[in-house]
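What follows is a single structure, written as structure tokens, with notes after it.
The values are calculated or read from the model by the stated rules, or taken from the named source; none is laboratory data. Since we're looking at a predicted model, the values are computed, not measured. Don't worry about glycine lacking a Cβ; one is built from the backbone with ideal geometry, like all the others, and counts go over all protein chains shown. The accessibility values were calculated without ligands, DNA or RNA, using every heavy atom of the protein model including side chains. Shrake-Rupley method; radii C 1.70, N 1.55, O 1.52, S 1.80 Å.
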Amino acid sequence: MYYDCAIITKEENDEKSFFKKALAVILASAVTVSVTPQSNVTTALSARRYVSLNTTFKTLKTGQKGYKLYLKNNTSDWKIRQVTTSDKSICTVYGKTESDVLLKAKKEGRATVKVRIDTKKEPKTTRKH
């Protein structure tokens, strides 16, 4: 009865351990790359931020004037076309330009200021109220 016995020399053992370590490093890096979340850079850059006013609520003191209400994130050349207030005896609008309006508080109370904006780069039906 004979037993097959393999005698491994030190050089063969070193080669096997080198290949095992190299294979382990390659697999570990492949797993790391596949697990990390991929963000689509072109989608993030192409997403536009909405144009809006610099504030949605503002408290003015009686007689205060010169508060500037302006457009934020105005990259598509939006322009202020019309400004209305719910009560002109409380707050009035003056000094309207294409990108901002000035407010003046006349007396105590609550008034809503509505701004209509349009752009020429998009169809006429695109409006924000």
Original post:
Among (1) closer than 17 Å to K114 by Cβ; (2) in contact with a Ser or Thr (Cβ under 8 Å, 6 or more places away or on another chain); (3) part of a loop (DSSP other than H, G, I, E, B); (4) of a type in the set (S, T, N, Q), where does N74 come up short?
Top reply: (1)
Original post:
What is the number of the single condition among (1) assigned to a helix (DSSP H, G or I); (2) at pLDDT 80 or above that T55 does not meet?
Top reply: (1)
**OP:** Would you check which residues across the stretch 62-86 are in contact (Cβ under 8 Å) with a residue 24 or more places away in the chain, among the basic types (K, R) and open to solvent by 60 Å² or more (accessible area, probe 1.4 Å) and list them?
**Re:** K65, K68, R81
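Would you say I26 is in a strand (DSSP E or B) and either modelled with pLDDT under 90 or open to solvent by less than 60 Å² (accessible area, probe 1.4 Å) (or both)? Steps first, answer last, please.
Working: in a strand (DSSP E or B): no; either modelled with pLDDT under 90 or open to solvent by less than 60 Å² (accessible area, probe 1.4 Å) (or both): yes.
For I26, the condition - in a strand (DSSP E or B) and either modelled with pLDDT under 90 or open to solvent by less than 60 Å² (accessible area, probe 1.4 Å) (or both) - is not met.
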Original post:
Just a yes or no: is a residue in the stretch 106-114 in contact with a His (Cβ under 9 Å, 6 or more places away or on another chain) and touching a residue at least 40 places away in the same chain (Cβ under 8 Å)?
Top reply: no
Subject >> Tally of residues being part of a strand (DSSP E or B) and exposed (fewer than 15 other Cβ atoms within 10 Å of the Cβ) across the stretch 92-110 >> reply: 1
**OP:** Of the conditions (1) free of Cβ contacts under 8 Å to residues at least 24 places away in the same chain; (2) of a type in the set (S, T, Y); (3) not in a loop (DSSP other than H, G, I, E, B), S89 clears all except one; give me its number.
**Re:** (3)
